[in-house]
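Take a look at the structure set out below.
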Amino acid sequence: MGTPYFKARGLIEQHGIKVFSSNYTLYGDMSARVMSVLAESSPDIEVYS
């Protein structure tokens, strides 16, 4: 985690790992949706991350 792509490139290619760019807007939206659904079941939810 946190290793630059160029340092892990050989290992990535060796194992056929697929690399995708992050989409923080999408992740934030999906997280909010999940928390909304959970809040319907439990009034005491603490969002950690």
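Table for the structure above
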quantity	calculated
Mean accessible surface per residue for the chain, computed with a 1.4 Å probe while every protein chain stays in place, in Å²	101 Å²
Rounded, prolate or oblate (a/c below 1.5 giving rounded, otherwise prolate when a/b exceeds b/c) for the chain by Cα gyration tensor	prolate
In degrees, nearest ten, helix 5-14 long axis to first principal axis of the chain (Cα)	80 degrees
Selection of chymotrypsin sites (Phe, Trp or Tyr not before Pro), the chain, meeting DSSP coil and at most 13 other Cβ within 10 Å	F20, Y48
Calculated [θ] (222 nm, deg cm²/dmol) that DSSP helices of n ≥ 4 give over the chain, each run adding -39,500 (n - 2.57)	-18500 deg cm²/dmol
GNM flexibility winner over the chain from L38, L26, L11 (Cα, springs under 10 Å)	L11
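The values are calculated or read from the model by the stated rules, or taken from the named source; none is laboratory data. Bear in mind that the values here come from a model prediction, so they are computed numbers and not experimental data. Counting neighbours? That spans all protein chains shown, and the Cβs are built from the backbone with ideal geometry, glycine included. These accessible areas exclude ligands, DNA and RNA; they are computed on the full protein's heavy atoms, side chains included. Shrake-Rupley method; radii C 1.70, N 1.55, O 1.52, S 1.80 Å.
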